Structures are given as structure tokens and as C-alpha cells.
Amino acid sequence: MKPFLRTLLAALLLPVLQAEPAAKETPVNQRETGVQLWEDFQKNYAEYSFAPLAPADLDLHARKALLGALGTRYRAWEPDKAPTLPELADAICKNDPANTTYDLVEKALTALLPTIDRFGLYESGAEMAQLQEAARQSGGQIAMIVERDDSGRLLCFPEPEGPASEAGVNYGSELLQVDGVSMERKRLAAVKLAFIGPSPSVTVKIRQPQGKEETLTIQRTTQVFPSVSAKKGPTGLTIRIRKFDTGSAARFKDLLKENQPVTRLTLDLRGNPGGLRDEAMLAASLFTPEKTVLGRLKDGQGERDVSDGNGVFCEPQSIQILQDRRSASGAEFLAASLRESLPGKVKIYGEPSYGKSHSTVKLPLYGGGVMTVSESLMMTASGKSWDKTGLQPDVLQKAK
């Protein structure tokens, strides 16, 4: 097996890269588990964050985050009241026995991660347990991503042809209520939970992009939307990649093989939020000569080239890439890499993309919580980044 593939396949086998991290054991002794949670977080953060803070700085930021999260009652407390986060939590517990060290460490992580990582997030053990239990009883999915923008609004991004889109939720609509409950100031985990239920439908109140407020009923579906699918037509082959999960690149390769020869190829990356970074890189490697530099990665180990170890598998005369403002991360890497590697052959159509050159990873922590951190910064082979600005299309086309 070629070195590039060995590296990628090894990375893909890591359990921490799975979409649903397995929960670790549930805490029993609140003092000890609080310490263990903090130590587990520190270890994973140092190993996976692409730009980790020094341990002393991380602890200081965590103490500040905890005191800020506790509000006015602890405004007079200074972070140096205790030398470490668990010891500060112990001091707070002595002041207010209703607290536990474990709960305070979780509160600190919730407040800390978004301040030290643009895509940082902590979902508590209780939140994850609720989500997993609700998923077991769920009546299906609605095929819609909800994200919070910089102003705090919850925006809806329904998947084309999915239940939310069919019900009339437009791309970029603001979510106001779910089943009559306001979503204002709700954590994303609570918003996810609100959409999961045993009933066959869910009612949402939204503000459409043009400003009109509507209440819509969305029928849940048990249909599984494949991550990669193909459609052949008179203008050539269209392959849609909804996300990069385990096996996406292999499925992509199979579809190309089944439809050979491919002279004109359309890659539909609209609504693709990314996923597994290495799957996106494997997808890019199907079109370029062996040893081609597909891009560059910057992580905690430094900066390095990502090179093709496969050689050309498919050589269309033209590649048309469709993107929109929800195309992010690995989808942006694939589009940027192909456009730079195959000049004159590749054109991007659509809107400017999301602008996320970070690849993120979800990591299960002691006690059942899950942390999300940025593990690397992706760039083109020439070192160009699309972070925050997005990839600009060659031909601008507004999303319908």
C-alpha cells in the first residue's frame, strides 16, 4: 500500500473521528471525576488542537471562563484564588455546597472552548445522554442543519429534497420556535434535542430570509440519504457528495468506475458541511497525477504537504463544481484543490462558500461529554486559505 494511503487509512480507523463518539464511563465520585474530566480534556486538547495553548495558559483561561459563567456572585473572585481549575472548583463548592467539582468543570469547558477555538464546543454528559436516548425513540429525521451565526441567530439550512425543504423552510431561514417552544438563547444541544421525538412530525416557526414569519409542519422521515450518489444525463455525469463520512471516497471512486468513460463531470457539493478531512483528500487524489501536491496542512506538529499517492483514476475533459454558502471545510478543500491542480479544466459555480478551512474532530471525554476542536488548518498547495472569506466561484449563481 502506498504511503499516502497508509497514512489516510490509519487516520480513518481512529475511533475519535467517528460521527458519534462513544461515551466514556459515567461519573460516580464527583470530586475525582471532575479532576479526571479536566485531565482528559487537557490530554485530548494538547494532542488534537492545531494551535494548543500552553498548559498553564489553558488552565488560566479555564478558571476565567468558569468565574465568568457563574455571574455576578463570583465577580470579586480572581482566577488566581486557586492554582488549577479543579482546585478553584473545590473552593467554589466550599462556598456553595450545592455545586460539585464535576459540574463546575463541565461549566468551565462549556464557557472555555468557544473562546479558545473558533469552532470549539463542549456538549455535556447529560446533554449527550439525552440526545442518545431521544434518538432511540425518534420518529425519523428532517434533513436540516441548524447553526448559530455571529449575531446569535439560529439559521436553518435544509437539505435539498429533504422533509424540511419540502415543507417550505428556505435556505438561511431563522429558527424561532420548535413545537411552540422558543429557541432564543438555547444551546445547540437543546436545539438538536427539540427536533428529536417519536411523533411523525414537528412544527417550526421560522423567519424566512425575506422577513416573513411562518409556522410550518415538517414530516419526519426514516429515509437514509446517501453521502454520495450519482446521476447520468445528456450533459454528463453528476455526482452529489452530501458529506464526507467513512467510505465516501471509496463510494465516489466506485461511481466513477461504474460510469466510465466520464468526459464531463459535475460535482455537486452544495450543502456539504465537510466531515472527515482525509476522505476529502482521498477524493481529490482520484484526478491528479501521482506525487501531485494536493494541499497543505497546518496542525500541532507544524506545516506539511499532502501529496497524491494514487495517480490519475479518472480524467474528465471538464469538471464543473457546484457550491453554496453551506459548502464548508472538506468540501472547500476538494473544490480548491482541484481548481488549483487542474487549471483550465475545473470551474466552480454558485455562491461564495462558507469559509471554514479548519477541519474539526469530535472527542469523547470522561463522564460522557464530547468536545469539538479544530485539528488542522487546510490550504491549497500554493498556501492559499479560504478561511472566513470562502472560496469565490468562477461563475456566480445565487441559490434558489
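The values are calculated or read from the model by the stated rules, or taken from the named source; none is laboratory data. Predicted model, so just to flag it, every value in this text is computed and none were measured. Here the Cβ is made from the backbone with ideal geometry for all residues, glycine too, and neighbour counts use every protein chain on show. SASA here: full protein model, heavy atoms, side chains in, ligands and nucleic acids out. Shrake-Rupley method; radii C 1.70, N 1.55, O 1.52, S 1.80 Å.
Our estimate of slack between E303 and E87, defined as 0.36 nm per intervening residue step minus the Cα-Cα distance, is 74.1 nm. Working from Cα pairs under 8 Å separated by at least six residues, relative contact order for the chain is 18 percent. Which percent of the Cα-Cα distances in the range 219-370 go past 21 Å? When every Cα pair of the range 219-370 is considered, 45 percent fall beyond 21 Å. Relative to the longest principal axis of the Cα atoms of the chain, the long axis of helix 30-48 lies at roughly 30 degrees. Helix 3-12 axis versus longest C-alpha principal axis of the chain: approximately 50°, rounded to the nearest ten. Surface composition of the chain: carbon and sulfur make up 51 percent of the accessible area, probe 1.4 Å.
Here the chain is assigned +1 on the Cβ of each Lys and Arg and -1 on the Cβ of each Asp and Glu. Its dipole about the Cα centre then comes out at about 1060 debye. Tell me the mean residue ellipticity at 222 nm calculated for the chain from its helices only (DSSP H runs of n ≥ 4, each -39500 (n - 2.57), averaged over every residue, nearest 500). Using -39500 (n - 2.57) per qualifying helix, the result is -10000 deg cm²/dmol. Could you pull out the longest piece of the chain with no exposed loop GluC sites (Glu not before Pro) in it, calling a site exposed if DSSP puts it outside H, G, I, E, B and it has at most 15 other Cβ atoms within 10 Å? It works out to 26-160. FRET efficiency for the pair A250 and Q317, taken as 1/(1 + (r/R0)^6) with r the Cβ-Cβ distance and R0 = 22 Å, rounds to 0.35. Available extension along the chain between R148 and D387 is 84.3 nm, counting 0.36 nm per residue and deducting the alpha carbon span.
Projected over all directions and averaged, the alpha-carbon convex hull of the range 171-231 occupies 5.9 nm².
Label sites at L53 and Q397, each approximated as a point 7 angstrom past Cα along Cα to Cβ, lie 4.5 nm apart. Compared with the dominant principal axis of the Cα atoms in the chain, helix 55-70 is inclined by about 70°. Using C-alpha pairs below 8 Å separated by at least 6 residues, the relative contact order for the range 61-128 is 33 percent.
Annotation: aspartates and glutamates with alpha-carbon distance below 19 angstrom to K347 (same-chain offsets under eight excluded): D268, E315, D324, E332, D394.
Largest first, the extents of the alpha carbon coordinates of the range 26-128 on the three principal axes equal 37, 31, 22 Å. How would you classify the range 154-260 from its alpha-carbon gyration tensor, with a ≥ b ≥ c the square roots of the eigenvalues: rounded for a/c under 1.5, else prolate if a/b is greater than b/c, otherwise oblate? The shape class here is prolate. For the range 257-400, give the magnitude of the charge dipole about the Cα centre (Cβ charges: +1 Lys/Arg, -1 Asp/Glu; no others), in debye to the nearest 20. The dipole of the range 257-400 has a size of about 440 debye. Here semi-axes √(5λ) of the Cα gyration tensor in Å was calculated from the structure, and among [x] 39, 27, 18; [y] 36, 28, 18; [z] 33, 26, 21 it sits at label [x].
Label zone (A69, point 7 Å along Cα-to-C-beta; backbone nitrogen cut-off 15 Å) within the range 347-368: 365-368.
Between G34, G211, G197, the residue with the greatest mean-square fluctuation in the GNM of the chain (Cα pairs under 10 Å linked by springs) is G211.
Residues considered: R153, R75, R63. Largest GNM mean-square fluctuation over the chain, using C-alpha springs under 10 Å, is found at R75. Using the average count of surrounding beta-carbon atoms within 10 Å as a protection proxy, the listed peptides 311-317, 265-271 rank, highest first, as 265-271, 311-317. The residues of the chain expose, per residue, 48 Å² of accessible area to a 1.4 Å probe. Each label was represented as a point 7 Å from its Cα along the Cα-to-Cβ direction; for T115 and Q42 these points are 1.8 nm apart.
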